[in-house]
Structures are given as C-alpha cells and as structure tokens.
Amino acid sequence: MTPEDFRKDFPILGKGDYIYFDNAATSQRPTAVVDAIKDFYENSNANPLRGLYDWSVDATERYEHARGVVADFIGAASPEEIIFTRNTTESMNLVAYSYGLSNVNEGDEVVITVMEHHSNILPWQMVCREKKAKLIYLEPDEEGVITEAEYKSKITDKAKIVSIGHVSNVFGITNPVKEIAAYAHEKGATVVLDGAQAAPHIPVNVQALDADFYALSGHKLMAPMGIGVLYGKKAILENMKPFLTGGEMIEYVTREDATYAELPHKFEAGTVNAAGAVGLEAAIKYLQKVGFDFISKQEEKLTVRMMEGMKKLPYIKIYGSSDPKKHSGIVTFTMDGVHPHDISSVLNDDHVCVRAGHHCAQPLMQFIGAGSTARASVYFYNTEEEVDRFLEHLSKVRAVMGYED
C-alpha cells in the first residue's frame with residue numbers, strides 16, 4: 001500500500017495544493033468517519049440510555065458497542081474501564097479531581113516531566129496546591145530521553161502519583177513508560193499516562209504497560225473533535241467519586257441525597273456525545289485497516305527525508321533526538337532570525353500548514369531555551385513529494401523575511 005491508496009478517503013487532502021503538516025494537533029478524518037456520524041444522526045438520533053423506544057435503544061447499542069471497540073483497541077480488561085470524555089484534557093482533570101484530591105496528602109509528591117502538555121501539568125499543580133504536596137519534574141537528556149537514572153532519582157517513596165506523556169508532542173520521543181510504571185509501582189505510586197500522541201501512532205496495551213489510568217483524544221486519531229477516552233483500572237474507578245454530577249450518572253435521587261450509577265456511567269453525566277463515540281469507533285477501525293506497521297514505516301520514511309533536508313539548511317535547529325526514528329513523525333525546529341509565527345505565516349502563503357508557538361508545553365520551551373518553536377508533523381497519508389515541497393518553501397522563508405543567505 002502507498003499513501004495515495006488512502007488519500008482518496010480524505011477529501012480535504014485533495015482541496016487545492018495544501019500540505020497539511022499539523023497532524024500532531026489534529027489529524028484529518030476519512031470519509032468512513034464522516035459517514036458513520038452522518039448515519040447516526042440520520043438513523044439513530046436519540047438520547048442513549050434513557051428511552052425504551054427503538055431509536056434510543058439503537059443509540060444506546062451503538063454507543064456501548066463503541067466503548068467495547070475502544071476497550072479492545074487499547075487492551076483494557078473490560079468495557080467498564082472505558083469512560084468517554086471530551087478529550088485528554090478532560091480525562092486528566094477527571095483523574096486529578098476525582099482521584100488526586102482524595103489520595104494526595106500534605107508532604108506527598110506528584111511526579112511528571114518537564115515535557116508534558118499543559119493538560120498534564122495544570123491539574124497536578126492544582127492538586128499539589130490544594131493538598132500542600134510537591135510537584136517534581138523529570139528532565140530529559142540532550143536527546144530528549146528520560147533516563148533510568150533520572151526517574152529513579154526522583155520517584156521516591158514520597159511519590160503518590162506519577163503522570164507521564166507516552167509520546168512527547170514536541171520532541172516526538174516515546175518515553176519508557178512501562179519501565180517508569182514498574183518502578184513507580186514499586187514505590188507505591190499510582191501511574192497516569194497521557195496517550196494523546198501515542199494512540200494514533202503505536203499499538204497501546206494498557207495492561208501490558210500496567211497503567212492505572214490512560215487518556216487519549218479522538219481528534220488526533222481521525223475521530224471527531226470533542227470525544228476522548230479515560231481508561232482506569234476497575235478497582236480504582238469503583239472507589240472514586242464522580243467528577244461531574246447530574247443526569248444519567250445516578251441510580252436514585254431523593255431530596256437529600258443520591259446514589260450513583262455503576263461503572264462507567266457514574267463518570268458520564270448528562271447527554272453523552274454518542275455520535276462522537278460512533279465516529280471514534282469508525283476511526284479506530286479505519287486505523288486498524290491501515291495498520292500500525294504501515295503508519296510507523298511511512299512516518300519514519302518521511303521524517304528521515306525531512307530531517308535530512310532540514311540539516312542542509314545551516315540556520316535551522318531541530319529539537320529532540322538526532323535519530324528520526326524516535327520522532328513519531330514530529331519535527332520541531334527554529335530558524336535563525338525568524339520568529340516561528342513568521343515561519344508559519346510565510347509557509348501558509350505557500351499553502352503549507354505547520355504549527356507555531358509553545359505547543360501547550362511552556363515549561364519545556366523554558367527548559368530548551370526557546371520562547372516558541374515551529375513544528376511539522378506528518379501522518380501516514382502524507383507523501384515524500386509533500387516533504388520535498390515543504391523543504392523547498394522552507395528554504396525560501398529567510399529570503400521573504402529580508403535575509404540574504
């Protein structure tokens with residue numbers, strides 16, 4: 001198979017001559033996903049879980065079937081361990097509020113890395129502030145790697161929670177989360193993994209990783225925006241308080257009190273995003289049709305080509321590992337004398353879409369000494385021809401900004 005075999009399934013990729021290299025922020029949706037959402041609204045548009053009539057029953061069945069597909073996709077032991085949220089950010093907040101505030105105490109430590117997305121920093125800052133605990137940061141080496149010496153020196157018996165991004169959204173590095181989880185558990189800590197950048201690119205098995213919680217966002221793996229997932233071990237979820245309260249997450253309500261519904265519904269208050277869940281199921285099935293083997297090989301091929309081309313431009317600095325295989329299709333860079341926002345703007349004039357800014361990772365920007373960076377991120381439907389065009393346009397940015405190289 002080639003990228004061209006799949007590009008026909010993505011109508012937006014055929015519009016004009018645009019090159020879409022912002023896949024780390026959101027991937028494009030294949031027709032199969034759009035059709036699945038359309039079919040739900042045209043044939044099953046009713047509230048799941050609440051009605052005894054045919055449309056509601058069908059909506060419920062499709063919603064719960066999607067939950068089972070997600071459970072299989074990430075290797076959960078049961079669909080009950082899958083909670084639908086809006087995105088990874090909401091999933092992380094759910095863990096912080098419903099688990100963190102109840103289990104972290106004064107003097108405890110919460111361990112994260114300096115590479116984390118803000119969605120895996122701010123909730124833990126809140127927990128540590130509220131509970132008078134200490135937030136500990138693991139720092140990567142010059143290749144972007146969290147070494148064994150680093151995590152073993154900072155995950156101590158005081159650690160109550162260790163929360164790590166599976167794949168960095170800036171460096172693209174895959175963190176040694178299985179090893180970190182094993183060590184954290186030896187110290188008695190609970191392990192939370194942010195899988196937003198991992199799930200679209202590499203196989204995930206939460207039981208093999210021994211993650212206590214694992215979060216992901218649908219919009220990064222070709223599903224609709226506004227649908228996310230939180231996996232949690234059943235024994236832990238059963239002892240957690242709901243994050244949100246209201247409709248559907250209850251079993252019985254009186255004027256004075258309420259009893260909550262069983263898992264996973266006690267964490268899914270209000271009308272759920274059933275169409276989003278159906279779209280997520282379609283996206284997972286499409287991704288499985290493409291296959292992680294093809295995805296990784298194509299991303300590696302494109303990243304090698306991109307980094308080799310960028311290294312020929314002496315004014316470009318690439319961040320993270322020197323090995324393209326360790327970038328997960330993400331190449332973050334700066335250009336001497338040109339602000340990343342100007343890089344993105346000039347490239348946009350040539351219909352090249354790249355990200356510019358702090359990538360919701362300001363502590364990492366401070367750590368590497370860059371106020372902001374540009375980021376080009378590829379996916380399996382991108383082509384070598386697009387990489388070559390990107391490099392050609394990139395080589396002209398400084399001239400547009402008035403430099404004579």
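The values are calculated or read from the model by the stated rules, or taken from the named source; none is laboratory data. Just so we're clear, the structure is a prediction, and the values are computed from it rather than from any experiment. Here the Cβ is made from the backbone with ideal geometry for all residues, glycine too, and neighbour counts use every protein chain on show. Calculation scope for accessible area: heavy atoms of the full protein, side chains included, ligands and nucleic acids excluded. Shrake-Rupley method; radii C 1.70, N 1.55, O 1.52, S 1.80 Å.
When only residues in segment 41-69 that are basic (Lys, Arg) and not in a loop (DSSP other than H, G, I, E, B) count, which is farthest from LEU280 (Cα to Cα)? Filtering segment 41-69 for residues that are basic (Lys, Arg) and not in a loop (DSSP other than H, G, I, E, B), the one farthest from LEU280 (Cα to Cα) comes out as ARG62.
Against the test of being part of a loop (DSSP other than H, G, I, E, B), surrounded by fewer than 18 Cβ atoms within 10 Å (Cβ to Cβ) and modelled with pLDDT of 95 or more, the options GLY226, GLY246 yield a single qualifying residue, GLY226. Here ALA24 fits the description: open to solvent by less than 10 Å² (accessible area, probe 1.4 Å), closer than 27 Å to ASP212 by Cα and touching a strand residue (DSSP E or B) at 6+ places or on another chain (Cβ under 8 Å).
Among the conditions (1) of a type outside the set (Gly, Ala, Ser); (2) open to solvent by less than 70 Å² (accessible area, probe 1.4 Å); (3) outside any strand (DSSP E or B), GLU256 misses just one, which is (2).
Test of understanding: among ILE12, ILE37, which residue is part of a helix (DSSP H, G or I) and open to solvent by 60 Å² or more (accessible area, probe 1.4 Å)?
Working: ILE37 fails: open to solvent by 60 Å² or more (accessible area, probe 1.4 Å).
Going through ILE12, ILE37 in turn, the sole match is ILE12.
Scanning segment 373-405 for residues that are surrounded by fewer than 23 Cβ atoms within 10 Å (Cβ to Cβ) and without any contact (Cβ under 8 Å) to a residue 60 or more places away in the chain yields GLU385, GLU392, HIS393, LYS396, ALA399, VAL400, GLY402, GLU404. Suppose the filter is in a helix (DSSP H, G or I) and not basic (Lys, Arg); does ALA215 pass it? Criteria not met by ALA215.
What are the residues in segment 13-26 that are out of contact with any helix residue (DSSP H, G or I) (no Cβ under 6 Å at 6 or more places or on another chain) and either in contact (Cβ under 8 Å) with a residue 24 or more places away in the chain or within 15 Å of PHE380 (Cβ to Cβ) (or both), if any? Break it down stepwise before answering.
In the first step, residues of segment 13-26 are kept if they are out of contact with any helix residue (DSSP H, G or I) (no Cβ under 6 Å at 6 or more places or on another chain); the result is 14-18, 20-25.
Matches in segment 13-26: GLY16, ASP17, TYR18, TYR20, PHE21, ASP22, ASN23, ALA24, ALA25.
Here ARG50 meets the list (1) among the basic types (Lys, Arg); (2) touching a residue at least 60 places away in the same chain (Cβ under 8 Å); (3) within 21 Å of MET225 (Cα to Cα); (4) surrounded by fewer than 21 Cβ atoms within 10 Å (Cβ to Cβ) almost entirely, failing just condition (3).
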